[in-house]
1. About its Cα centre, how strong a charge dipole does the stretch 433-523 have in debye, to the nearest 20, once Lys and Arg get +1 and Asp and Glu get -1 at the Cβ?
2. Rounded to the nearest 10 degrees, what's the angle between the helix 391-407 long axis and the longest principal axis of the chain, both from Cα atoms, 0 to 90?
3. Taking the Cα centre of the chain as the origin and placing charges on Cβ (Lys, Arg +1; Asp, Glu -1), which of Phe411, Gly97, Gly49 is farthest toward the positive end of the dipole?
4. Report, by chain and number, residues whose modeled amide H sits under 5 Å from the one on Ala59, excluding near sequence neighbours (fewer than 5 apart, same chain).
5. Kindly express, to the nearest 10 degrees and within the range 0 to 90, the angle between helix 212-228's C-alpha long axis and the longest C-alpha principal axis of the chain.
6. Calculate the FRET efficiency for Lys170 and Lys316 from the Cβ-Cβ distance with a Förster distance of 45 Å, rounded to the nearest 0.05.
7. Under 12 Å from a point placed 7 Å out from the Cα of Glu268 along the Cα-to-Cβ direction: which residues of the stretch 195-227 have their backbone N that close?
8. Starting from the Cα of Lys260, draw a straight line to each of the lysines and keep only those under 22 Å, dropping any in the same chain fewer than 8 residues away.
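Nothing in this text is a laboratory measurement; each read-out follows from the coordinates by a stated rule. Not measured: the values here are computed from a predicted model. Cβ placement follows ideal geometry from the backbone for every residue including glycine, while neighbour counts extend to all protein chains displayed.
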Amino acid sequence: MPAVVTIVSADAKDIVQGSGFLISSDGKIVTNFHVVAGKPTILARLLDGSFLVIKSILASDKANDLAILQAEGRNLPFVQLGDSDKAKVGEAICVIGSPMLLEGTVSAGIISAVRELRDGRKLLQITAPISEGSSGSPVFNRKGEVIGVASFTLSEGQNLNFAVPSNAVKDLLHRPGISTKPPPPSLTLSLEERFERAYWEALKVAQEIENALGRSWALREIAVALAEAGQTEQANQTFHLAIQIAPKIEDVSERSEALKDITIALVEVGQFDRALQIAQKIEDEWRHSWVLGEIAIALAEAGQFDRANQIAQKIKDAEERSWAFKEIAIALVRAGQTERVNQVFYLALQAAQKIKDKVERSLTLEAIAHALAEAEQFDRALQIAQKIEDTIYRSSALRAITQVLVEAEQFDRAIQIAQKIEDTLHRFWAFREIAIALAKVGRFDHAFQITQKIEDTWERSLALYRIAEALAKAGQFERAVEIAETISEPIARLQALAAIIAVKRDQERVERGNGEGVKKGDR
């Protein structure tokens, strides 16, 4: 109610009175166009009797009978615009306005119809009465959101009242130069003072959220921000609030989701012990396993490998347990602790083999094979890849191994493995990458031979395009053009010739620059 205002506008001939409402803390007011049209003097009266001076009309929409005014003021009460497209016939609404200067009048009713006009505009037909002076009043839904602006009534009918949908207001706000964001804070405030003010504003918003899940999520986000800013004491207090709220959520799934989010937030700020305590309260088995996996991985990345292994072994879900062990093994490789890698990979493999779903099992084994290849354990990676039951995932794993071998310039072995790939697309991709890599190190003949193994025309054309480009960079322009002309796909052939021209042009530019440098030196 404090955000609803009485609008008084006047010129030399008459005075018009209507209603309006604030939509931002810096004084933006929505009302009807006909309330202020052509009036040089406009005032807005608040519920407490004080007046706001209207500085300007920011935007107007005569067709929809809307106007947005800019009043002088700061930290003013305001209301939120809802989504009028979600308004339903029969939905309860209320209107707050100033009919006949009777400020703060509340009228209840329902949405009796949503009318679409010939020009595509919409109107909400409502049963809440619109009297003289109510024009521009906000129409609220049960959430306290404004879904309409009371506009007019049909005098010849009984209780036929109409409101402009709130989305028309949003469209008007999107016009250039209009913003509902509050003005920037005073330049005299320090960064710390601004942060403190923002914290209390955010906390107020969070505590006003009715939904327990939403409120818990908001408090979690605030706590993380506090922790990042080094405000650990306030962060802990806010986390405590979130943790208190989460168990009150009635739905088990939503309750577990809230606790999961809080746990992950604690992990992100390094509070592993507290994260583990909260994780134990998660009732949903999969979420509990997922959270333990994230804690284990975070501990491994922090160098706490023994503790990471202990937590990973407590994960009930086989897929999540396998994934956690795989990530711990990768962290060990990065830390140079290669003597422990085999043991952890073995635990990951054991867990993977217990996954019941064939596709999930194949996907997990593929990830393990790829990780082993990156750890340069190629023989073991190949053994794991060959155990994968699903053809596509097996082929994907073998392709990943060839890619790592190519990066290590073990081309012969990469070719041997690529030939074993059953899925044609993955095999073509593998050969293409091998051919391109060979060309980059100057083994052009070998690269060209590999392209002949690619049966797919487009994939072969792409490989030849990259070989032609590599030849050009090596200064072998004639041969580069010869290779480009063998490309059967017109687009790839065009790309190859364009690349050759670009390389040649760059080379000539460098040569010209070097020549000019010599001349200047001679002078």
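1. 500
2. The helix 391-407 is inclined about 70 degrees to the chain.
3. Value: Phe411.
4. When sequence neighbours closer than 5 places are left aside, the close amide H contacts are Ile68.
5. 60
6. Between Lys170 and Lys316 the formula returns 0.40.
7. Only 217-227 pass the distance filter.
8. Output for Lys260: Lys248, Lys281, Lys314, Lys316, Lys326.
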